[in-house]
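Undergrad: Below is the structure I would like to discuss, written out as structure tokens.
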Amino acid sequence: MATTALPSRGYLEDDTPTVWAWIKSWLFTVDHKRIAILYLLAINFYFLLGGLAASVVRIELITPQGDLLSSDLYNRAFTLHGIIMVFFFLIPGIPAVLGNFLIPLMVGARDMAFPRLNLFSWYLYMIGGIFALSAAVFGGVDTGWTFYTPFSSTYSNSNVILTIAGAFVMGFSSIATGVNFIVTTHTMRAPGLTWFRLPLFVWSSYATSLIIVLATPVVGITLLLVAIERIWGVGIFDPALGGDPLLFQHLFWFYSHPAVYIMILPGFGVISELISTFSRKRIFGYEFIAFSSMAIAIIGFLVWGHHMFVSGQSVYAGLVFSFITMLVAIPSAIKVFNWTATLYKGSISYRTPMLYALGFIGLFVIGGLTGIFLGVVAIDIHVTDTYFVVAHFHYVMVGGTIMAYLGGIHFWWPKMTGRMYNEVWGGISALIIFVGFNMTFFPQFVLGYLGMPRRYHVYPQEFQVLHVLSSAGSTVLAIGFIIPLVYLTLSLWKGKLAGDNPWDATGLEWTVSSPPPAHNFDEIPVVTTEAYAYPPEAAERDAAAWRPGSPL
Amino acid sequence: MPDFPLFPEQASTFAGPIDALYGVLIALSLIFGGILPFIILYLMVRYHRSQKADRRNQPEGSLPLELTWTIIPLVLVLGVFFWGAFLYIDIRTPPERNLEIYVIGKQWMWHAQHPNGKRENNELHVPINQPVKLVMTSQDVIHSFYIPAFRVKQDVLPGRYTTMWFEATQTGEYHLFCAEYCGTEHSRMVGRVVAMSLADYERWLTTPGEIILPDGSAGAGGGGSTLIPSIGDPMALAGAQLFTNLGCVGCHRDDGAGIGPSMVGLYGVETRMQDGSLVTADENYLRESILNPGAKIVAGYANVMPSYDGQLSEDQLNQLIAYIKSLSDSESASTRLSNAQIASVVADELK
């Protein structure tokens with residue numbers, strides 16, 4: 001029955017006598033699973049906030065005139081959307097929620113290598129978030145999430161310092177999480193769990209953590225320099241003070257391009273898990289997927305200049321950055337082909353996480369291919385800083401990262417909460433999100449090639465039809481995001497009990513109870529098989545057992 | 001549905017080649033992005049758990065297959081890269097002979113000055129079938145000069161010059177956008193580019209229009225003065241006067257006998273510096289040498305020039321640079337005014 005109690009001793013349960021003790025047991029927890037839940041709540045709050053800002057922007061753009069908002073308010077709305085989504089949702093999203101919850105379970109450990117550092121990183125995240133929020137409350141910030149100088153350092157009259165402080169503190173939270181993942185993966189693997197037996201989610205989280213640890217300090221220092229110039233007038237970026245405005249862009253993109261891979265790589269890991277489980281077979285080309293993650297992490301450090309093709313950098317720099325950008329497309333393509341090949345001769349089921357995974361592949365292919373357009377300098381000159389770029393990175397960030405995040409949340413929801421969500425609503429909302437997403441962002445490719453610049457509050461009449469289409473799509477998309485919020489929350493009370501392994505998946509996390517006990521494993525497991533050790537006849541047996549009326 | 005285009009107008013020599021490359025990229029994308037989803041859909045249906053299918057002998061990986069789908073995309077993207085690279089080099093290499101127009105961006109307007117001194121705001125008049133080179137700088141934050149119909153865009157930075165060139169092919173009016181976010185009124189930092197026949201352009205150049213002051217403000221100040229033609233001094237002549245008035249001419253003598261190097265034939269030439277490096281004397285070098293003379297010292301000269309930082313407007317800097325460039329223009333060498341001639345003209349006026 002749906003209302004039966006969960007198995008006892010789960011990490012969610014406590015024998016705390018008072019409410020205060022219960023609150024304390026959460027706020028001072030060092031359990032990686034509880035920290036993941038704390039992150040889940042905070043990150044979803046920021047996602048809704050960022051989504052609200054996006055809605056305001058889309059509503060304003062229905063008409064070519066600026067009739068809903070003043071220019072200043074509009075600029076603050078898209079800046080808020082960008083900063084919240086990038087720094088407080090996309091970058092921490094999958095690592096902090098799914099990574100925190102799963103990595104110790106997947107490697108067969110009782111917790112992270114540094115549990116207290118893990119909790120500290122959540123507090124840093126919250127402090128950073130409070131800075132950014134207070135900046136919004138006290139009048140907002142209007143620099144765009146990119147903080148280009150000398151606008152941000154000298155000319156903007158908004159709360160630049162508070163916002164920078166938020167992003168700066170948040171950066172340390174990322175670094176702490178990254179260090180924790182790296183050390184945990186190196187030192188805490190269960191006996192017999194060799195590197196090539198690791199689930200691909202661990203591989204991609206490891207690659208992500210390397211980028212986080214190497215790149216985040218650069219953006220921290222850069223933002224600090226902006227603050228120093230702004231407060232004390234030290235000439236670093238503003239030529240009027242003797243600085244160099246392009247220096248900021250080099251430093252900023254040296255982090256912010258790898259940051260794109262911080263956002264998407266964990267998504268690749270999630271998708272690998274989902275495709276394998278719901279095809280009931282070993283992932284195709286395991287080593288190629290694992291190494292392509294590492295290749296992306298490394299090459300991703302050498303392409304930052306492709307954000308600056310029209311900034312005034314030399315022709316030679318443009319050519320070199322364009323060339324390396326072309327190369328980074330290859331490992332991404334390898335992944336897509338291997339996922340597709342995994343479907344061959346599998347026994348595929350259309351459960352909600354699988355729908356998200358398939359949607360991810362479709363959208364990521366479009367996002368990736370349009371990335372090649374932008375990597376060709378001659379085309380980039382025309383479409384950079386237009387809606388073409390906006391559409392491209394939303395296909396990668398929303399179509400990629402958010403689809404993977406939602407797919408992962410659905411997949412591991414039974415493990416995290418012990419209960420199943422409503423499969424029918426799950427499928428419906430996945431389809432609504434897919435349709436709404438394409439309606440919102442596909443017209444923006446056309447807008448961009450027509451020449452509609454981004455960050456425009458008012459625009460020429462001829463772009464209106466496509467803007468209206470895009471805004472209509474965003475309404476559908478918003479509905480698609482709200483539905484899971486409702487049925488996932490309801491499932492906490494009404495959901496069917498999940499059992500230890502509802503998907504019949506491989507992986508150490510499915511060998512423990514749902515929700516897992518506080519210390520994960522009674523006995524540290526000894527691993528003798530690779531990840532995705534589905535027997536060769538698993539797919540055949542699964543298909544043979546299917547009867548009309550079984551789940552699709 | 002009126003006014004619902006899918007592709008922008010083609011109005012410059014770049015538009016055709018860029019659209020062709022764009023079309024090829026779309027075609028390649030359709031091969032990958034169009035076929036792959038159908039393969040996925042086919043596999044999804046064929047191997048759905050409810051379907052009877054042969055699921056024995058599952059492959060776990062295949063090196064030949066991995067190599068195939070690594071090498072084919074690699075060859076394709078490299079092909080696209082080289083195509084795009086040659087086009088890019090074209091876009092960044094202006095022809096020797098071109099019409100130079102100086103552009104200043106500021107929050108939130110564009111200001112342009114033509115060689116004969118005519119100024120305009122938020123509009124750019126250009127002749128068709130004629131290479132036009134824009135020499136651009138900003139007075140405050142970073143802007144970006146973008147003409148979608150010409151497929152050209154270039155960021156405009158404070159404290160240095162960036163250049164861009166194009167050759168319009170169709171007469172007409174086109175959008176001019178600021179493409180780099182620059183603050184409150186960013187979306188109103190727009191205007192129009194008017195492409196006209198050469199004859200019309202020359203007529204326009206010599207037609208008095210609305211008066212535009214050097215700081216870019218239009219028709220300000222005294223009521224009666226609006227009748228004064230807005231055609232100012234030709235930029236090079238204005239620069240020559242500045243060159244004399246500021247005292248530059250005392251050291252930078254044409255015959256090269258002064259304390260500073262001669263400006264004749266300097267522009268665009270590689271010059272040896274004190275530290276042995278070679279520097280091409282482009283707009284940015286000239287600008288730096290005026291505002292921060294100690295940054296690069298020409299071999300054989302001493303670091304004695306005072307800085308002119310803060311004493312010159314962007315506009316005056318443009319004029320000075322236009323003058324120095326005119327000293328390298330072999331075409332006009334015969335008609336060029338020498339420093340001495342200008343000095344005497346100014347001296348006459350002072351009497």
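Undergrad: I need the full set of residues from segment A:355-377 which are hydrophobic (A, V, I, L, M, F, W, C) and at the interface with another protein chain (Cβ under 9 Å from one of its Cβ atoms), in order please.
TA: Going through segment A:355-377, the residues hydrophobic (A, V, I, L, M, F, W, C) turn out to be A:355, A:357-358, A:360-361, A:363-366, A:369, A:372-374, A:376-377.
Answer for segment A:355-377, where residues must be hydrophobic (A, V, I, L, M, F, W, C) and at the interface with another protein chain (Cβ under 9 Å from one of its Cβ atoms): A:Leu358, A:Ile361, A:Val365, A:Ile366, A:Leu369, A:Ile372, A:Phe373, A:Val376, A:Val377.
Undergrad: Looking at (1) loosely packed, with under 14 Cβ neighbours inside 10 Å; (2) facing chain A (nearest Cβ under 7 Å); (3) touching a residue at least 12 places away in the same chain (Cβ under 8 Å), which is the only condition B:Leu6 fails?
TA: It fails just one condition, (3).
Undergrad: Answer yes or no: is there a residue in segment A:475-488 that is within 14 Å of another protein chain (Cβ to nearest Cβ), over 27 Å from A:Ile262 (Cβ atoms), part of a helix (DSSP H, G or I) and out of contact with any Lys or Arg (no Cβ under 7 Å at 6 or more places or on another chain).
TA: No.
Undergrad: Has segment A:430-443 got any residue that is assigned to a helix (DSSP H, G or I), in contact with a His (Cβ under 6 Å, 6 or more places away or on another chain) and farther than 16 Å from A:Tyr356 by Cα?
TA: For segment A:430-443, residues assigned to a helix (DSSP H, G or I), in contact with a His (Cβ under 6 Å, 6 or more places away or on another chain) and farther than 16 Å from A:Tyr356 by Cα: present.
Undergrad: With surrounded by fewer than 24 Cβ atoms within 10 Å (Cβ to Cβ), closer than 30 Å to A:Met112 by Cα and in contact with a helix residue (DSSP H, G or I) (Cβ under 8 Å, 6 or more places away or on another chain) as the only criterion, which of A:Ser256, A:Ser276, A:Ser204 stands out?
TA: A:Ser256
Undergrad: Here is a follow-up. Which residue, of A:Ser314, A:Ser332, A:Ser349, is small (Gly, Ala, Ser), within 28 Å of the chain's Cα centre (by Cα) and more than 7 Å from chain B (Cβ to nearest Cβ)?
TA: Numbers: A:Ser314 fails: within 28 Å of the chain's Cα centre (by Cα); A:Ser349 fails: more than 7 Å from chain B (Cβ to nearest Cβ).
Exactly one of A:Ser314, A:Ser332, A:Ser349 is small (Gly, Ala, Ser), within 28 Å of the chain's Cα centre (by Cα) and more than 7 Å from chain B (Cβ to nearest Cβ), namely A:Ser332.
Undergrad: Pick out the one residue from B:Arg188, B:Arg192, B:Arg160 that is surrounded by fewer than 18 Cβ atoms within 10 Å (Cβ to Cβ), facing chain A (nearest Cβ under 8 Å) and either in contact (Cβ under 8 Å) with a residue 40 or more places away in the chain or touching a Gly at 6+ places or on another chain (Cβ under 8 Å) (or both).
TA: Details: B:Arg192 fails: facing chain A (nearest Cβ under 8 Å); B:Arg160 fails: surrounded by fewer than 18 Cβ atoms within 10 Å (Cβ to Cβ).
On inspection, the qualifying residue turns out to be B:Arg188.
Undergrad: Anything in segment A:372-410 that is small (Gly, Ala, Ser) and touching a Leu at 6+ places or on another chain (Cβ under 9 Å)? List them, or say none.
TA: A:Ala378, A:Ala391, A:Gly399, A:Gly400, A:Ala404, A:Gly407, A:Gly408, listed by residue number.
Undergrad: Could you tell me whether any residue of segment B:306-315 is more than 23 Å from B:Gln139 (Cα to Cα) and touching a Gly at 6+ places or on another chain (Cβ under 9 Å)?
TA: Scanning segment B:306-315, I find no residue that is more than 23 Å from B:Gln139 (Cα to Cα) and touching a Gly at 6+ places or on another chain (Cβ under 9 Å), so the answer is no.
Undergrad: Follow-up question, since we're still on this one. I'd like the residue in segment B:122-181 that is acidic (Asp, Glu) and not in a strand (DSSP E or B) and, out of all such residues, is farthest from B:Ser289 (Cα to Cα).
TA: That would be B:Glu167.
Undergrad: So which residues in segment A:413-461 are of a type in the set (S, T, N, Q) and closer than 30 Å to A:Glu13 by Cβ?
TA: Hits for segment A:413-461 are A:Thr417, A:Asn422, A:Ser429.
Undergrad: Which residue out of A:Met326, A:Met308, A:Met294 is more than 30 Å from B:Tyr146 (Cα to Cα), in contact (Cβ under 8 Å) with a residue 12 or more places away in the chain, touching a helix residue (DSSP H, G or I) at 6+ places or on another chain (Cβ under 7 Å) and not basic (Lys, Arg)?
TA: Within the list A:Met326, A:Met308, A:Met294, the selection yields A:Met294.
Undergrad: Kindly indicate whether any position in segment B:271-283 is assigned to a helix (DSSP H, G or I) and not assigned by the TED database to the domain that holds B:Met164.
TA: Among the residues of segment B:271-283, at least one is assigned to a helix (DSSP H, G or I) and not assigned by the TED database to the domain that holds B:Met164, which makes the answer yes.
Undergrad: Name the residues in segment A:452-469 that are farther than 25 Å from A:Asp72 by Cβ and at the interface with another protein chain (Cβ under 10 Å from one of its Cβ atoms), would you? Give the derivation first.
TA: Restricting attention to segment A:452-469, the residues satisfying the condition of being farther than 25 Å from A:Asp72 by Cβ are A:462, A:465-466, A:469.
Result: A:Glu462, A:Val465, A:Leu466.
Undergrad: Report yes if B:Pro131 is touching a helix residue (DSSP H, G or I) at 6+ places or on another chain (Cβ under 8 Å) and not acidic (Asp, Glu), otherwise no. Walk me through how you get there before you give the answer.
TA: Details: touching a helix residue (DSSP H, G or I) at 6+ places or on another chain (Cβ under 8 Å): no; not acidic (Asp, Glu): yes.
Here the answer is no, as B:Pro131 does not meet what is asked.
Undergrad: A further question follows. May I ask you to list the residues in segment B:164-198 that are under 18 Å from B:Asn122 (Cβ atoms) and of a type in the set (D, E, K, R)?
TA: B:Glu173, B:Glu180, B:Glu185, B:Arg188, B:Arg192
Undergrad: Working only within segment A:507-552, note down all residues that are more than 10 Å from chain B (Cβ to nearest Cβ), without any contact (Cβ under 8 Å) to a residue 60 or more places away in the chain and assigned to a loop (DSSP other than H, G, I, E, B).
TA: Within segment A:507-552, A:Asp522, A:Glu523, A:Pro535, A:Gly549 meet the criteria.
Undergrad: Still on this model: Tell me, which helices (runs of 4 or more DSSP H) wholly within segment A:347-422 include 3 or more residues that are in contact with a His (Cβ under 6 Å, 6 or more places away or on another chain)?
TA: Answer list for segment A:347-422: A:352-375.
Undergrad: Let me ask something additional. All but one of (1) more than 12 Å from B:Met189 (Cβ to Cβ); (2) at the interface with chain A (Cβ under 9 Å from one of its Cβ atoms); (3) assigned to a strand (DSSP E or B); (4) of a type in the set (Gly, Ala, Ser) hold for B:Ala112; which doesn't?
TA: (2)
Undergrad: Something else now. Taking the condition of being facing chain A (nearest Cβ under 7 Å) and either crowded, with 17+ Cβ neighbours inside 10 Å or in contact (Cβ under 8 Å) with a residue 12 or more places away in the chain (or both), how many residues in segment B:72-91 meet it? Steps first, please.
TA: Of all residues in segment B:72-91, those facing chain A (nearest Cβ under 7 Å) come to B:73-74, B:77-78, B:80-81, B:84-85, B:87-89, B:91.
Then keep just the ones that are either crowded, with 17+ Cβ neighbours inside 10 Å or in contact (Cβ under 8 Å) with a residue 12 or more places away in the chain (or both); that gives B:73, B:77, B:80-81, B:84-85, B:87-88, B:91.
Qualifying residue count, segment B:72-91: 9.
Undergrad: Could you list all residues from segment A:289-304 that are over 20 Å from the mean Cα position of the chain (by Cα) and buried (at least 22 other Cβ atoms within 10 Å of the Cβ)?
TA: A:Val303
Undergrad: For residues in segment B:60-71 being at the interface with another protein chain (Cβ under 7 Å from one of its Cβ atoms) and part of a loop (DSSP other than H, G, I, E, B), which is nearest to A:Ser279 (Cα to Cα)?
TA: Applying the filter and picking the extreme gives B:Glu60.
Undergrad: Could you check how many residues of segment A:152-166 are away from chain B (no Cβ under 14 Å) and within 20 Å of B:Ile142 (Cβ to Cβ)?
TA: Step one: list which residues in segment A:152-166 are away from chain B (no Cβ under 14 Å), which gives A:159, A:161-166.
Remaining after also requiring within 20 Å of B:Ile142 (Cβ to Cβ): A:163-164.
Counting residues in segment A:152-166 that are away from chain B (no Cβ under 14 Å) and within 20 Å of B:Ile142 (Cβ to Cβ) gives 2.
Listed here are the residues, each with its yes/no results for (1) at pLDDT 90 or above; (2) not in a loop (DSSP other than H, G, I, E, B).
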site: A:Met126; (1), (2): yes, yes
site: A:Gly129; (1), (2): yes, yes
site: A:Ala132; (1), (2): yes, yes
site: A:Ala135; (1), (2): yes, yes
site: A:Asp142; (1), (2): yes, no
site: A:Thr146; (1), (2): yes, no
site: A:Thr154; (1), (2): no, yes
site: A:Ile161; (1), (2): yes, yes
site: A:Ala165; (1), (2): yes, yes
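Undergrad: Separate question: Conditions: (1) within 21 Å of A:Phe291 (Cα to Cα); (2) within 14 Å of another protein chain (Cβ to nearest Cβ); (3) in contact with a Phe, Trp or Tyr (Cβ under 7 Å, 6 or more places away or on another chain). A:Phe196 meets all but one. Number of the miss?
TA: Going through the list (1) within 21 Å of A:Phe291 (Cα to Cα); (2) within 14 Å of another protein chain (Cβ to nearest Cβ); (3) in contact with a Phe, Trp or Tyr (Cβ under 7 Å, 6 or more places away or on another chain), A:Phe196 breaks only (3).
Undergrad: Is it the case that segment B:47-57 has a residue that's among the hydrophobic types (A, V, I, L, M, F, W, C) and in contact with a helix residue (DSSP H, G or I) (Cβ under 7 Å, 6 or more places away or on another chain)?
TA: yes
Undergrad: Would you pick out the residues in segment B:30-51 that are assigned to a helix (DSSP H, G or I), aromatic (Phe, Trp, Tyr) and at the interface with chain A (Cβ under 7 Å from one of its Cβ atoms)?
TA: B:Phe32 - this is the single residue of segment B:30-51 that is assigned to a helix (DSSP H, G or I), aromatic (Phe, Trp, Tyr) and at the interface with chain A (Cβ under 7 Å from one of its Cβ atoms).
The values are calculated or read from the model by the stated rules, or taken from the named source; none is laboratory data. As the structure is a computational prediction, the values presented were derived from the model and not from experiment. Glycine gets a Cβ as well: all are built from the backbone with ideal geometry, and neighbour counts include every protein chain shown.
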